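Here is the structure we will look at.
The values are calculated or read from the model by the stated rules, or taken from the named source; none is laboratory data. These numbers were taken from a predicted model, which means no experiment stands behind them. Counting neighbours? That spans all protein chains shown, and the Cβs are built from the backbone with ideal geometry, glycine included. With ligands, DNA and RNA removed, areas are computed over all heavy atoms of the protein, side chains included. Shrake-Rupley method; radii C 1.70, N 1.55, O 1.52, S 1.80 Å.
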Amino acid sequence: GWQASMKSGSLSYILPCNRLPVQLISQVRVYTSNGQKKGLGSEDTNGSTPEETPNKAGTGQDMSNAGQKQSFIKEPIQVKVKAVLKKREYGPKYTQNNFITGVRAINEFCLKSSDLDQLRKIKRRSPHDDTETFTVYLRSDVEAKSLEVWGSPEALARERKRRKEAEIKYREKLFRNQRLLWEYKEFFGNTKPRSSAAAMFFKGPGKVVMVAICINGLNFFFKLLAWIYTGSASMFSEAIHSLADTCNQALLALGISQSARTPDPSHPYGFTNMRYIASLISGVGIFMMGAGLSWYHGIIGLLQPHPIESLLWAYCILAGSLVSEGATLLVAINEIRRSARAKGLSFYQYVVQSRDPSTNVVLLEDAAAVLSVAVAATCMGLTSLTGNPYYDSVGSLGVGTLLGTVSAFLIYTNTEALLGRSIQPEQLQRLTELLESDPVVRAIHDVKATDMGMSKVRFKAEVDFDGRVVTRSYLEKQDIEQLLQEIQQVKTLEELEAFMLKHGENIIDTLGAEVDRLEKDLK
């Protein structure tokens, strides 16, 4: 830059660089920070006044002839020009480098499979676990082909609209056909093989729920007859308890069948959470129907006591209920033990973490049923011995309290499962160590792992990848000698750009493959 100026006589010299050795041969004026002038250089040391300056200017002009003999020492100016590529402006929307699959090209651009045969086919890394590579097409090629086939964007838009209307009509027709088929099955009987949803009720949690529905339904019927015969408040609570269990387990069966539905466009992740929703509603139902009615009947018994008839039949029905509820409880316990062993968890951990909500509900309901039978039998026995009906009412309140406790536990565990809680710290530590021990990973941050229920975990982490390791992984698969020859053939900026773009894209693909490998290891 030009950083200093000097006046010599009537001429003005502008000197580059602030390090040039300059011999001052005339007066130079500089200004201090307070705005006052100072005279520096070869001026008269007697302190000349500003009015004497013109006279001295002439003297300086005469002396300049002699000064021409002394040439200025000039240093060469070195300027480095940075060669950069011109920045490419892509605009707010750029789709020229997009890849699309053949199915999408046929559906969105109204083409036939034969139209795609004439386009460039590109093999890319597959995003799916079951295939390594798949074929894609350049979006620009597909758009050009669709305009060639349909003639104009307007004609293509009309064809899209026509196909959309045809799809809507097809769905309406399909719905009518499904309804007619259902009516046909109702009239002639269903001769289709058993579906997978129905097969779920013959093994695992579905089997436990169906056994519980059958047993609790019979228990409700016999307990209701015993209450009508004896008028016992405890027996009424037991009947209501069995009714609540039957309804709730029917709701669980509905949740199991709904959870087996295949994902659709409206629910791309499926319906697995329906089990937790059904269990949550079941817990609320136990609290409202079981606990609420039992408390109500117990309080009425305390406020308006009345004598109780013979309790012999009630004892017999309670004994039968104890056996049946105990059998259902054993079925649920065995199923939970088997599932917990397969997951490597203890029985308590499996229940508390609500790994299988349907089986947990049956387990807790039947455990509460066994305890409530014992409470009801004890209170009815005290009433028979003492003749005091208050014991029977207290038994009804005890059964209601037991049901309220079970319902509160079910509501809490299923709500936690639906909200998405973190996995166990030791499991999260295992996943973190697995990532950090991989050479391609420098560091991981903001790690989150959520238990989605039904043996599904959502894992998220911000990963700092080692670019050198990724690049080396790419180079290990290349012919180094051929790569060296390519480098030596690079002579121009255009060739350098093409070389870097080619291998840069391949390195990004290598990074994607490394991410896929890490995901597979985590799973």
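Projected label points at V469 and Q429, each 7 Å from Cα along the beta carbon direction, are separated by 2.2 nanometres. Here the accessible area is traced with a 1.4 Å probe on the protein chains. For the stretch 197-419, carbon and sulfur cover 73 percent of it.
For Y229, project a label point 7 Å along Cα to C-beta. Then give me every residue of the stretch 315-329 with its amide nitrogen under 20 Å of that point. Correct set: 315-325.
So which of K161/K520; K448/K477; K207/K523; K123/K520 end up more than 31 Å apart, counting from Cα to Cα?
Numbers: K161/K520 41 Å; K448/K477 34 Å; K207/K523 29 Å; K123/K520 22 Å.
Check vs 31 Å cut-off fails for K161/K520; K448/K477.
Averaged over its residues, the stretch 425-522 has an accessible area of 70 Å² per residue, based on protein heavy atoms and a 1.4 Å probe.
A 1.4 Å probe run over the stretch 92-188, with the rest of the protein chains in place, finds 80 Å² accessible per residue. Length available on full extension from T405 to V490: 0.36 nm per residue minus the Cα-Cα distance, which gives 22.8 nm. A DSSP coil position with no more than 14 other Cβ atoms inside 10 Å describes the following chymotrypsin sites (Phe, Trp or Tyr not before Pro) in the stretch 207-280: Y269.
Computed over protein heavy atoms with a 1.4 Å probe, the carbon and sulfur contribution to the accessible area of the stretch 92-188 reaches 53%.
Around the amide H of G270, modelled in the peptide plane, lie the amide H atoms of D264, all under 5 Å away and 5 or more residues distant in sequence or on another chain. Using 30 Å as the Cα-Cα cut-off, could you pick out the over-long pairs in K93/K121; K112/K502; K93/K164; K456/K502? Violating the 30 Å limit, Cα to Cα: K112/K502; K456/K502. How high is the FRET efficiency between E154 and F499 when r is their beta carbon distance and R₀ equals 51 Å, given to the nearest 0.05? Once the sixth-power term is evaluated, E becomes 0.75.
Taking the alpha-carbon centroid of each part, what is the distance from the stretch 365-435 to the stretch 118-169 in angstrom? First find each Cα centre; the distance between them is then 58 Å. Length available on full extension from F99 to K169: 0.36 nm per residue minus the Cα-Cα distance, which gives 22.1 nm. Here the accessible area is traced with a 1.4 Å probe on the protein chains. For the stretch 425-522, carbon and sulfur cover 54 percent of it. Diffusion coefficient (Stokes-Einstein, Kirkwood radius over C-alpha pairs, 4 °C, 1.567 mPa s) for the stretch 425-522: 81 µm²/s, rounded to a whole number.
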